[in-house]
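The values are calculated or read from the model by the stated rules, or taken from the named source; none is laboratory data. These figures come from a predicted structure and were not determined experimentally. Cβ atoms come from the backbone with ideal geometry, glycine included; neighbour counts cover every protein chain shown.
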Amino acid sequence: MIRLEHVSKEYLAGSGLPALNDVNMEIEDGEFVFIVGDSGSGKSTLIKLLLKELEPTSGTIVINGRKLNKIRRRQIPKFRREIGVVFQDFRLLKDRNVYNNVAFAQKVIGESTRMIRCNVPNILSKVGLAAKYRSYPRQLSGGEQQRVAIARALINRPKILLADEPTGNLDNTNAWDIMKLMEEINNDGTTIVVVTHNLEIVSRMNKRVIQMNKGVIVDDSGRPDPDVKDSASDGGSYGENSAFGESTGSYGRDFTAFSRRDRFFGTAGTYGAGGSAYEEDFYDAGPPVDGGDDGDAD
Ligand SMILES: Nc1ncnc2c1ncn2[C@@H]1O[C@H](COP(=O)(O)OP(=O)(O)O)[C@@H](O)[C@H]1O
Ligand SMILES: [Mg+2]
């Protein structure tokens with residue numbers, strides 16, 4: 001559950017219009033929500049507040065029953081494990097292959113090698129990349145790179161997946177593939193919040209849409225009517241629809257490992273954050289298990 005109560009964010013005091021201005025919002029567990037709005041309307045600010053990357057100037061944010069302003073600094077990595085995040089620019093480690101990009105998120109939380117060897121192939125097959133585990137990011141298409149980022153975001157079983165313009169660098173077919181993958185992830189129970197400019201996709205997906213403008217919510221469709229749910233999977237102008245099933249089909253509904261969450265993730269200890277694209281947290285977490293600084297912390 002995500003709740004914002006009268007949240008405002010002003011980057012520079014007295015600088016005029018705040019980036020967010022008295023925003024109220026509630027997103028229930030298991031929802032799929034699009035956030036749309038012109039550039040500068042406050043969407044990325046909202047995402048950063050949810051990740052506790054920024055503090056609100058005023059107002060309260062509650063995630064999974066916890067007030068964010070009550071979370072102590074040393075508890076932040078653990079808090080962020082409940083939230084997976086993906087970005088427009090993928091943020092993969094360039095000198096690591098697909099397997100190690102995903103495995104790293106587990107290493108930093110202290111997962112055992114034995115479990116990593118089980119979990120990583122499992123999640124890669126769910127995002128349709130099982131065959132590419134040895135590839136490096138530069139050898140992958142944009143769509144494939146975003147799948148790796150999604151696998152990394154999900155590997156530590158977050159309850160919430162946040163995506164800031166995840167399809168901004170992708171062509172229409174890949175963008176649609178990624179959205180259908182997110183829909184599958186949502187069907188498995190993960191709450192999904194997607195910031196996007198792609199209004200064609202938004203209208204075809206039939207999800208809740210929150211529209212922002214100049215730091216305020218100007219429209220909220222609420223939860224969609226389930227009776228018209230199938231409009232998005234109907235072909236239409238996306239003539240390549242037959243390919244969608246193939247590329248998302250390997251993402252099964254059976255997240256069996258999830259039921260073992262407590263056993264595997266309840267004792268993560270004092271390591272840095274995992275499951276996120278926070279390279280700085282990765283670096284803070286001590287030396288990577290497979291050796292060497294990767295040198296692209298720019
Ligand atoms: N680090 C920052 N410092 C000062 N102003 C910022 C900063 N980040 C964003 N802003 C301003 O806050 C407003 C909202 O930005 P942002 O949340 O990035 O919008 P969006 O993601 O919808 O394009 C914009 O006016 C932007 O210029
Ligand atoms: Mg933005």
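Here are the numbers:
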quantity: Close pairs from the range 11-23: first closer than 15 Å to Ser39 by Cα, partner more than 10 Å from ligand 1 (Cβ to nearest atom) and in a loop (DSSP other than H, G, I, E, B), Cβ under 9 Å, at least 6 apart; calculated: Pro18/Thr57; Leu20/Pro56; Leu20/Thr57
quantity: One residue from Lys107, Lys43 being more than 26 Å from Asp171 (Cβ to Cβ), of a type outside the set (A, V, I, L, M) and in contact (Cβ under 8 Å) with a residue 24 or more places away in the chain; calculated: Lys107
quantity: Answer residue from the range 154-193, given it is surrounded by 24 or more Cβ atoms within 10 Å (Cβ to Cβ) and among the polar types (S, T, N, Q) and is nearest to Ile35 (Cα to Cα) among those; calculated: Thr167
quantity: Positions within the range 1-57 being within 16 Å of ligand 2 (Cβ to nearest atom), within 17 Å of the chain's Cα centre (by Cα) and of a type outside the set (A, V, I, L, M), in sequence order; calculated: Phe34, Lys43, Ser44, Thr45, Lys48, Glu53
quantity: Check on Arg66, basic (Lys, Arg) and over 30 Å from Ser125 (Cα atoms); calculated: yes
quantity: Any hit, the range 142-153, residues being within 21 Å of Asp188 (Cα to Cα), surrounded by fewer than 19 Cβ atoms within 10 Å (Cβ to Cβ) and not polar (S, T, N, Q); calculated: no
quantity: Count - residues of the range 184-204 that are in contact with a strand residue (DSSP E or B) (Cβ under 7 Å, 6 or more places away or on another chain), away from ligand 2 (no atom under 16 Å from the Cβ) and not polar (S, T, N, Q); calculated: 2
quantity: Residue match in the range 72-82 (condition: assigned to a loop (DSSP other than H, G, I, E, B) and farther than 23 Å from Val33 by Cβ); calculated: yes
quantity: Identity of the residue in the range 161-199, in a strand (DSSP E or B) and of a type in the set (Val, Ile, Thr), that ends up farthest from ligand 1 (Cβ to nearest atom); calculated: Thr191
quantity: Any hit, the range 51-65, residues being at positive phi, modelled with pLDDT of 95 or more and within 15 Å of ligand 1 (Cβ to nearest atom); calculated: no
quantity: Some residue of the range 68-75 being at pLDDT 95 or above and touching a Gly at 6+ places or on another chain (Cβ under 9 Å); calculated: no
quantity: Positions within the range 106-132 being in a loop (DSSP other than H, G, I, E, B) and closer than 22 Å to Asp89 by Cβ, in sequence order; calculated: Val108, Val127, Gly128, Leu129
quantity: Residue match in the range 61-76 (condition: small (Gly, Ala, Ser), away from ligand 2 (no atom under 16 Å from the Cβ) and touching a residue at least 24 places away in the same chain (Cβ under 8 Å)); calculated: yes
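One line per residue, one yes/no per condition, for (1) away from ligand 2 (no atom under 16 Å from the Cβ); (2) touching a Ser or Thr at 6+ places or on another chain (Cβ under 7 Å); (3) among the aliphatic types (A, V, I, L, M):
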| residue | (1), (2), (3) |
| --- | --- |
| Tyr133 | yes, no, no |
| Tyr136 | yes, no, no |
| Leu140 | yes, no, yes |
| Asn156 | yes, no, no |
| Leu162 | no, no, yes |
| Thr167 | no, yes, no |
| Asp171 | yes, no, no |
| Asp177 | yes, yes, no |
